[in-house]
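Step one of this worksheet: look at the structure below.
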Amino acid sequence: MALSDRPAERHRQIAGLFTDRVLGAPDWDAPAPVAGWTARDVVRHLTEWFPSFLASGAGIDLPRGPSVDENPVAAWRIHSDAVQALLDDPETAHRKLSNRHIGLVPLDTGIDRFYTADVFMHTWDLSRATGQDDRLDPDFCVHLLAEMEPLEQAIRSSGQYGPRVEVPDDAGPQTRMLGFIGRDPFWSSP
């Protein structure tokens, strides 16, 4: 299924796939492909960084669920539902997001570019950590890679991405994108 180019619908699709992986996770303490992280930490990352980004950049406070340590499924669902409600709200079309790195952008564009893209990439992390289907939409992998490659120096210096992992020249879009963001596309749980 092709991903939508509309931010609200794309989030619904990407967050829906991540939700499927959350619901299918058999072990929240399983190691994840991000060094030092577990499956639980993947959910923790998504539910913790974005609310403060949104509050500081748009003055919006998302509803909070239980802690990820207490209930990772409920923490994710409440968070994801809140982001979707924000994107579905007709008023969102008139709101802006401000950030020192990106300037002022439409709120839905900012959510799509930074948060939804992050959920997409971390879907692979959670899938790999929990032994689930880790296939990502290849067209969106191509799209993200094309957006990130010109910004490689800024991306690497931000500390948000690890060093590029070299992949075979004939690697597919998902493998190339994962290598770019610093993931070993061939990682498997120990």
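The values are calculated or read from the model by the stated rules, or taken from the named source; none is laboratory data. Keep in mind that what you see is a predicted model, and the values were worked out from it rather than measured. Glycine gets a Cβ as well: all are built from the backbone with ideal geometry, and neighbour counts include every protein chain shown.
A few remarks follow.
- Condition met for Ile78 (aliphatic (A, V, I, L, M) and more than 26 Å from Ala25 (Cβ to Cβ)): no
- Single residue of the stretch 132-184 satisfying the filter (among the acidic types (Asp, Glu) and farther than 25 Å from Gly36 by Cβ) that is nearest to the chain's Cα centre (by Cα): Asp137
- Verdict on Leu62 being modelled with pLDDT of 95 or more and outside any helix (DSSP H, G or I): yes
- Among residues that are part of a helix (DSSP H, G or I), within 28 Å of Gly159 (Cβ to Cβ) and in contact with a Cys (Cβ under 9 Å, 6 or more places away or on another chain), Phe114 is not included.
- Here Thr130, Thr123, Thr109, Thr116 are screened, and the one residue that is surrounded by fewer than 16 Cβ atoms within 10 Å (Cβ to Cβ) and assigned by TED's automatic domain parsing to the domain that holds Gly36 is Thr109.
- Residues in the stretch 3-22 that are touching a helix residue (DSSP H, G or I) at 6+ places or on another chain (Cβ under 8 Å) and over 15 Å from Leu46 (Cβ atoms): 6 in all.
- The residues on offer are Arg44, Arg77, Arg40, and the sole one that is farther than 21 Å from Ser189 by Cα and either touching a residue at least 24 places away in the same chain (Cβ under 8 Å) or surrounded by fewer than 15 Cβ atoms within 10 Å (Cβ to Cβ) (or both) is Arg77.
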